[in-house]
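Everything below concerns the one structure shown next.
Bear in mind these aren't lab numbers, they're just calculated from the coordinates by the rules spelled out. Keep in mind it's a predicted model, so treat the numbers as computed, not measured. Please note: Cβ atoms are built from the backbone with ideal geometry, for glycine as well, and neighbour counts cover all protein chains shown.
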Amino acid sequence: MEVVHKIGRRKTAVARVYVSEGSGNITVNKRDLNDYFTTGTLQYKVKQPFTLTETDGNYDVKVNVFGGGITGQAEAVRLALSRAMCEIDAENRGILKPEGLLTRDPRMVERKKFGQKKARKKFQFSKR
């Protein structure tokens, strides 16, 4: 099996994932997964595609992720890994799609508009 390359995005975070057969090592920005994503929730989110497809420890993963916050990055990695698992085996799509792991979350920060304080907040209005 050759290296599978996929991209995942969430808010302003972009994750490039390189999946190859191996012993289950996950490296994020040249650091171990547990060093980069310190909380258990984020580690669970990243490993979710492997857990659902029951392929824990079968693949080595190299991740390059930048932009956004730590949660957005974890979810971007999850989307990229889910896409990679679908390319490796088409049957994985039926497992991951009902869980919502193949859906790109479109929610982004709304831009600030001119003549307003923030995206939706207005300057204080004085009638008199």
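Rounded to whole numbers, the Karplus 3J(HN,Hα) couplings from phi for the stretch 19-30 are 10, 9, 5, x, 10, x, 6, 10, 10, 10, 6, 6 Hz, using 6.51 cos²θ - 1.76 cosθ + 1.60 with θ = phi - 60°, and x at Gly and Pro. Once the C-beta distance of residue 51 and residue 119 is scaled by a Förster radius of 41 Å, the resulting FRET efficiency is 0.65 to the nearest 0.05. Check the straight Cα-Cα distances from residue 118 and name the lysines below 30 Å, setting aside those fewer than 8 residues away within the same chain. Excluding near neighbours in sequence, the set is 11, 127.
Within a straight-line Cα-Cα reach of under 17 Å, residue 121 can be paired with the following lysines, leaving aside sequence neighbours fewer than 8 residues apart in one chain: 112, 113. Computed from Cα positions, the angle between helix 40-53 and the longest principal axis of the chain comes to roughly 50 degrees.
Extension gain, residue 104 to residue 1: 0.36 nm times the residue separation minus the Cα-Cα distance gives 34.4 nm. Remark: the stretch 73-88, residue by residue, has Karplus-estimated 3J(HN,Hα) of 5, 4, 6, 5, 5, 4, 5, 5, 5, 4, 5, 5, 5, 5, 6, 5 Hz, where x stands for each Gly or Pro and the curve is 6.51 cos²θ - 1.76 cosθ + 1.60 at θ = phi - 60°. Starting from the Cα of residue 16, move 7 Å in the Cα-to-Cβ direction to define the label point; list residues of the stretch 43-67 whose amide nitrogen is under 15 Å from there. Within reach of a label on residue 16: 62-67. Cβ-to-Cβ counts within 10 Å put 45, 127, 30 in ascending order as 127, 30, 45, the fewest first.
Fully extending the segment from residue 126 to residue 91 would add 6.4 nm, taking 0.36 nm per residue of separation and subtracting the current Cα-Cα distance.
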